[in-house]
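Read the structure below first, then the notes.
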Amino acid sequence: MTEAIRAAMTRQPRRVAVATPRGETTCGEQLALAGRVGAYLRQDAATGPIGLYFRAGDTAAAIAAMAGVLESERQYVFLEPRDPVARLRRIVADAGVRLILAGEDLPWRAGPRVVRFDDIEAAEAHGHLAAGPARGYLLYTSGTSGTPKGVIQEADHVRFFAEQYRRRLSITEHDRLSLVSSLGFDAAVLDVYTALVTGAQLRVLAFHDNAGHHDLRQWVAGQSITVLHATPSLYRKILSRRSGPGAGDLRAVVLGGEPVQPADAVRHFELFPGVDLYSLYGQAESTFNALQRIDPEHPSRTINLGVPCDGTTLSVDAGHGGRPEVYEVGEIVVGSRHVAKGYLGLPDLTAEKFRDGGYRTGDLGRFRPDGEIELVGRADRQLKVNGHRVEPAELETALAEHPAVTRARVVKYLAADGGEALAAYAEVPDERQRAAVAPAELRALLARTVPAAVVPATVHVLGAFPLTPNNKLDPARLPAPGEPGPGDGPARPMTERERTVAECVADVLGVAPAGPEASFFELGGSSLSVIELLHRLEKTTGLTLSFKDVFEAPTVAAMAARLVPATDSTWPALTRRPPRAEYPVTSSQTRIWVQDQRTSYNVLASVHVTGGLELGRLERAVDAVVARYGILRTRFARREDELVQRVGDRLPAGGVQVERVPPDGDQEAAMAAIERRELHRRFDLATGPLFRVTYVTGVHPDDVLMLSMHHIVCDAISVTIFAEEVLKAYAQRNPLPEPALQYGDYALWLRDLRDRGLLEPSRAYWEDKLKDGVPALKLRTDRPRGPVKSFGGAVFHGDLDEALTTRALDFCRAEGITLFTLLHSATVATLHNRTGQTDICLGTLAAGREFSPDLRTQIGFLAGTLALRTAFRADTTFRALLAGARAEFLESHARQLYPLEQLADVVPRPEPGRGFLFDVLLVLHDLDGFEDRVRRETGLGIRLRDRRECVAKFDLTFNFTVRGGRIGAMVEFDSALYDEESVALLWRRFAALLAEAVDAPERPLAEYGGTVDEEQLAAADHDIDFDF
């Protein structure tokens, strides 16, 4: 190493070697400084590693000191000035430091001797280097035992890493490399020593000076950086800037320290086309293991570890001693003679992590079919926060040193600004001590102990940690960061407002809350019943809650505390307006109008009616409903460049069409043919009517009332409302009252929101979330995907058994979550199990009916499409996945009114034949409520008929229901891609994985098998490990 540095520095002594905000240092000056240090240390009798204490502004001197220590055949340990004094003292003692070279006075009275760098007297250097390898350095990282641990690395190994880095990136003396991290951080090793051995310039970012990195993109261009090395978190600050200078001299960007996301790659090539992007895999224990060049033609593909360094192997140890199967998850092992020598003073840990000529990283990975290794998570609790390696145990040990704290927990979460942060939880059982312990006090304790970069953003003091049924800590039930912890006081009587909330809950659910801490969801509430609760609260109290409020604070007390006056809203009221000849169309209607040019887009509902219906009376009932709802008399027309909807006064012609099924034929085939005809019926949007009522007789055991409607005038809820209204009108002699709102009023209200800019925050949210595109779901198909979607569809019906349904519903109540959250998470887990992907976007529909009580029974296209993007790791537990899915749903649901189709010019275009944002839709329907309500209010015996036909708008659509004590699903699938047998198998895997998850939600996702009966039998008979 030292010979290579000397050779590079002497070639062009006047060339700039290091440039910092304070000035530039030439190669000759750096060499002279390093020589002074080396000569001084060779004459000094101090034993042990040399401590180096330099602030960011003295980077050039610090680098010279590092090179000088290596030249003297010593070992150095860098002491980060920003670290707390207590941590620095601990490192000095652990390393056995006897001498510290410092750029300034130390902030504490150190035991070792301290020599100021500027005071080192010039000494004549030896004419030749001493024999034997240079020692290297100690690098302290966060430790699982609660104290930092020192990684021992030799200089010759660092020389190897720098040479590999140089060769992979073709770095020469004409390059300008970046240094954006602290010298005590392992990422700096490559930047510093590659520059020193090649003669390339090292440009230092004043990273700890707020003024110095206000615009990173400007800094990169202004410094003429050619190779930028940074963490993905830091690089995203550059990518987040929509304007700024171009790439300048930049030719390569290397990202390491944490996983690179496909969204990072997509954004990089948008801003800097022609600039290579690399993902680097390495650790403090093995600085540089592999490099992956990301293909600019396919930036959204999964980013693998890449090509290993020369003489380096990367393998996956699945724990069974044999070669792992494709997609089988195991620990990544680095095989190389250049890994660190171990951990200072920790022989047991060294023996555990460094064996058989390699290093066991603790990272989880798996081989892909192409032989590449994909990183999927961690085998332990180690975290990476904005590129910093964190062992939660170190922080938890520091918190437990407080006399009142019995134990602590530290977790990572996504902060409101999109960055990563830590949250700490301290258990203080004694009530008196708990009242005296402030979170700020504990945070200050940590700030005195651990580096500032890893001090938790929030600290919660709890009386007791939530536990699993096995009496283990349940992290998923810890309070969300920023939210108050649960109260620990004795039960108390409800206040007047809480009693009012409890009465409304009882009216909606039929179950009276026992106290102020009773949870709406534990009592059986669902996302649909939330809407009814919101309307009842406003009607009863004149106060309002948001949909999100109920999910975030579902107890009676919490909901009562969040109630606000209804007049506080800045949105215009949704009210009835004078009738008009024309109404604007909504964005969703415009989308359907465009799609109607390609294919039929109808919604269908079929109802078996016990005893049948009298035809004339049925026709009068249909006429009565059409007279009440203007949307059923609506036509669409072009006026100049604008599409409008026109509501007619007269009832559309058509009446009720009667079909007779021969009693001796194949009735199911006959009904399927009728369904297929109605689903594919081409309605004329310009003339109407845009619905059709068909009455089918001769069907065993009951006649069928079938309603088909064009999607432009309805959604899935609306078609059941239409059926319900017709049956009510049939059963009642008196005319039904006119609705308080018409769909045209809703369309005008939406236009008002748009014109006033009230949807802009939602637009910004969706644009920021989706601007880089979403990863395509790589679920295997039975046939190749064509360039154009076929819309040809088929239907599969599946049910969970009653036992699993009961366990699932009980699990929801115990966890305080909705059934939708459970089904969404189980679907994500199943797709992860089948694809290995850890970033999955599914679609769902928001009912769009909570904005007014009068929308609950409105017919029209109110549903809003949501894109639920869930990112996680293979070691994420199912309970943690539930929490993430719930948060994602609430964030998206709050922005449901912004039409996602308006982002078509912002979001990267998907692959041909795929959906705009997702290929799988997930919807939970409340059909039991429909059937019970109609039976109760009309006296008619009815039941919904299971549909056998569909138009496949997506690859897969899961229509979940709870009927007859069972969770079931009608799965619509694209028959051009899938066979029914494949969809049936996927459903069975979903059921198997759901059963595993509700029984053991604390397990990591990678541990769920999702295997079906025949696979389990094969595994038992033939010792086969099915891992997908």
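Look through L613, L574, L604 and report the one residue that is within 42 Å of the chain's Cα centre (by Cα), assigned to a loop (DSSP other than H, G, I, E, B) and in contact (Cβ under 8 Å) with a residue 40 or more places away in the chain. Talk me through it step by step, then tell me what you get.
Working: L613 fails: within 42 Å of the chain's Cα centre (by Cα); L604 fails: assigned to a loop (DSSP other than H, G, I, E, B).
Answer to the selection: L574.
Have a look at E802, E815, E901 and point out the one that is under 26 Å from T1011 (Cα atoms), within 23 Å of the chain's Cα centre (by Cα) and among the charged types (D, E, K, R).
Values: E802 fails: within 23 Å of the chain's Cα centre (by Cα); E901 fails: under 26 Å from T1011 (Cα atoms).
Criteria check complete, one pass: E815.
Residues A263, A252, A188, A211: which one is at pLDDT below 90, hydrophobic (A, V, I, L, M, F, W, C) and either in contact with a Ser or Thr (Cβ under 6 Å, 6 or more places away or on another chain) or within 27 Å of H298 (Cβ to Cβ) (or both)? It would help to see each step written out before you state the result.
Details: A252 fails: at pLDDT below 90; A188 fails: at pLDDT below 90; A211 fails: either in contact with a Ser or Thr (Cβ under 6 Å, 6 or more places away or on another chain) or within 27 Å of H298 (Cβ to Cβ) (or both).
Only one candidate passes the filter, namely A263.
For the subset of the stretch 860-891 comprising residues that are of a type in the set (V, I, T) and under 24 Å from F954 (Cβ atoms), which member is farthest from the chain's Cα centre (by Cα)? Give the steps one after another, and end with the answer.
Step one: list which residues in the stretch 860-891 are of a type in the set (V, I, T), which gives 865, 870, 876-877.
Those left that are additionally under 24 Å from F954 (Cβ atoms): 865, 870.
Numbers: T865: 18, T870: 4 Å.
Across the stretch 860-891, the extreme among qualifying residues is T865.
Name the residue that is modelled with the lowest pLDDT, counting only residues in the stretch 340-378 that are aliphatic (A, V, I, L, M) and under 33 Å from the mean Cα position of the chain (by Cα).
Keep residues of the stretch 340-378 that are aliphatic (A, V, I, L, M), which gives 340, 344, 346, 349, 351, 364, 373, 375-376.
Remaining after also requiring under 33 Å from the mean Cα position of the chain (by Cα): 364, 373, 375-376.
Working: L364: 86, I373: 91, L375: 86, V376: 78.
Among them, the one singled out is V376.
Can you name the condition, by its number, that D356 falls short on among (1) touching a residue at least 24 places away in the same chain (Cβ under 8 Å); (2) farther than 23 Å from T147 by Cα; (3) of a type in the set (D, E)?
(1)
Could you check, for the stretch 361-372, whether at least one of its residues is aliphatic (A, V, I, L, M), buried (at least 19 other Cβ atoms within 10 Å of the Cβ) and in a loop (DSSP other than H, G, I, E, B)? Talk me through it step by step, then tell me what you get.
Kept after step one, since they are aliphatic (A, V, I, L, M), are these residues of the stretch 361-372: 364.
With the extra rule that they be buried (at least 19 other Cβ atoms within 10 Å of the Cβ), the set shrinks to 364.
From the residues that got through so far, the ones that are in a loop (DSSP other than H, G, I, E, B) too are none.
Within the stretch 361-372, none of the residues are aliphatic (A, V, I, L, M), buried (at least 19 other Cβ atoms within 10 Å of the Cβ) and in a loop (DSSP other than H, G, I, E, B).
Please verify whether the stretch 897-918 includes one or more residues that are aromatic (F, W, Y) and either outside any loop (DSSP other than H, G, I, E, B) or not assigned by TED's automatic domain parsing to the domain that holds E1007 (or both).
No, every residue in the stretch 897-918 fails to be aromatic (F, W, Y) and either outside any loop (DSSP other than H, G, I, E, B) or not assigned by TED's automatic domain parsing to the domain that holds E1007 (or both).
Residue-wise test of (1) within 17 Å of E850 (Cβ to Cβ); (2) not in a loop (DSSP other than H, G, I, E, B).
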| position | (1), (2) |
| --- | --- |
| K548 | yes, yes |
| F551 | yes, yes |
| A557 | no, yes |
| A561 | no, yes |
| P578 | no, no |
| Y583 | no, yes |
| W593 | no, yes |
| Q597 | no, no |
| S600 | no, no |
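Go through the stretch 954-999 and give me each residue that's in a loop (DSSP other than H, G, I, E, B) and either of a type in the set (D, E) or touching a residue at least 60 places away in the same chain (Cβ under 8 Å) (or both). Working first, answer last.
Narrowing the stretch 954-999 to residues in a loop (DSSP other than H, G, I, E, B): 954-955, 964-965, 975-979.
Across the stretch 954-999, the qualifying residues are F954, D955, G965, S975, A976, L977, Y978, D979.
Matching residues to (1) in contact with a Leu (Cβ under 8 Å, 6 or more places away or on another chain); (2) surrounded by 15 or more Cβ atoms within 10 Å (Cβ to Cβ):
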site	(1), (2)
V704	no, yes
D715	yes, yes
W766	yes, yes
R783	yes, no
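Restricting the stretch 68-101 to residues that are closer than 24 Å to H388 by Cβ and of a type in the set (G, A, S), which is surrounded by the most Cβ atoms within 10 Å (Cβ to Cβ)?
This residue is A95.
The values are calculated or read from the model by the stated rules, or taken from the named source; none is laboratory data. What you see is a predicted model; the values in this text were computed from it and never measured. Every residue, glycine as well, gets a Cβ built from its backbone with ideal geometry; the counts of neighbours run over all protein chains shown.
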